[in-house]
1. Out of V150, V182, V163, which single residue is among the β-branched types (V, I, T), under 15 Å from the mean Cα position of the chain (by Cα) and within 14 Å of F253 (Cα to Cα)?
2. So which pairs qualify, if the first residue must be in region 54-71 and part of a loop (DSSP other than H, G, I, E, B), the second must be acidic (D, E), the Cβ gap must be under 7 Å, and the two must be at least 6 apart or on different chains?
3. Taking A50 as meeting all but one of (1) aliphatic (A, V, I, L, M); (2) crowded, with 17+ Cβ neighbours inside 10 Å; (3) part of a helix (DSSP H, G or I), write down the number of the exception.
4. Please work out if R275 is in contact (Cβ under 8 Å) with a residue 60 or more places away in the chain, among the basic types (K, R) and closer than 23 Å to A187 by Cα.
5. Spot the failing condition for D209; the list is (1) more than 24 Å from A23 (Cα to Cα); (2) surrounded by fewer than 19 Cβ atoms within 10 Å (Cβ to Cβ); (3) out of contact with any helix residue (DSSP H, G or I) (no Cβ under 7 Å at 6 or more places or on another chain); (4) in contact (Cβ under 8 Å) with a residue 40 or more places away in the chain, and only one is missed.
6. Residues in region 208-228 that are outside any loop (DSSP other than H, G, I, E, B) and more than 16 Å from Y177 (Cβ to Cβ): how many?
7. Looking at region 221-250, which of its residues are touching an Asp or Glu at 6+ places or on another chain (Cβ under 8 Å) and of a type in the set (A, V, I, L, M)?
8. Need a quick list: helices (runs of 4 or more DSSP H) entirely within region 72-186 having at least 3 residues that are farther than 24 Å from P307 by Cβ.
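No lab work stands behind these numbers, since they all come straight from the coordinates. For clarity, every value in this text was computed on a predicted model and none was experimentally measured. Please note: Cβ atoms are built from the backbone with ideal geometry, for glycine as well, and neighbour counts cover all protein chains shown.
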Amino acid sequence: MPSIACVPSVPTPGDAIDLRDRARGALLGLAVGDALGAPAENMKPSEIRARWGRITGYVAENPSGTDDTEYAIFSGLLLARHGSALTVTHVETAWHQWIADQDEGPFRGAGFSERGTLENLRRGLAAPISAQHRHAWSDGLAMRAAPFGVFAAGRPAEAARLVAIDGSVSHEGEGIYGGQAVAAGVAAAMAGAPTIAVVASALAVIPDDSWTARSLRRAVAGAHRGERAVRSAVVIGGYPWTDLAPEAVALAFGAYAAADGDFTESVLTAVNMGRDADTTAAVAGALAGATRGTSAIPPDWATAIGPARGGCLPSMAGHHVLDVAELLVPSEGGKWTTTTAPLHHDTRPPPAPTTFTLTPDNPTETPS
């Protein structure tokens, strides 16, 4: 059962302006962390130091987001279409229409969990069977979980519920728990919760005896001793797979806790710990961006992030994380609005973000 003992209360979300800045901070922070961490992916700290010293900024000549950013955009657009009425059928249909039935980019769906899911879907398997592959425990759901926390600001349990629906097509067990922890943490941060409450909110939505919860607690307990202590508490020496959700999510929360929510230090701590550095830095960036807002992101880091290039998901090319953020928070009047006609189910590829409509607290689906 999830742990509910001694969980600090999550504040009520602020006004629409404050929510919008936190939403933009969360998703821009994700993309920045992804781009900063990508060159260090699958590396050890010693290898990072030997090549660059301590990474303090972009080391790639032309930094950009990877599959982490493009899948977060994908999930954000899907959530913008359906809101709290999201179902497994909606998710499965989107995977087919926007990914599996489309031409693939040069990275061919990216991570192992995504590849396994796409192969299953193309064989005609449906959720939850589509999630039965060798990497269902990966951090592939965690990397795309932040939009659910943005949408469900101040409602960690709702964020966890929605991201589990999204993840049922691609993940099981620890893979789901990792996504739920990230979504709940971002939801708490969006409401201005302090670092300890953000961590507690993440732990409250996952089983107390899960690998993810145990790793997260160890990482945060050692956070005051710095990144080496966090890494030592979580990483299994000699284990070849770096995309383990229990490890990546714990490293991200450990980096966030070690920096007490400071954006720059959260992201750089995650990057310099190596392993699945693009995902850990993306998650840490989403948490810290939701906590501190866009002003906390160094301007030269922020301006380097442009629209998605579609290298992993061609259907996401041209969409910017900031446009997605705007879709997931209400206007100043407290309602979501649209400027054009509703989106139709058979639209492919997905249209510009302005065509999406959100109807909060309405169980009915947007009409087609």
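1. The unique qualifying residue is V182.
2. The qualifying pairs are G65/D34; T66/D34; T66/D278.
3. So the condition that A50 fails would be (2).
4. In short, no.
5. Single failed check for D209: (4).
6. Total meeting the criteria: 6.
7. Listed by number, the residues that qualify are V234, V235, I236, L244, A245, A248, V249.
8. Of the helices (runs of 4 or more DSSP H) lying wholly inside region 72-186, those with at least 3 residues that are farther than 24 Å from P307 by Cβ span 88-95, 112-122, 156-167.
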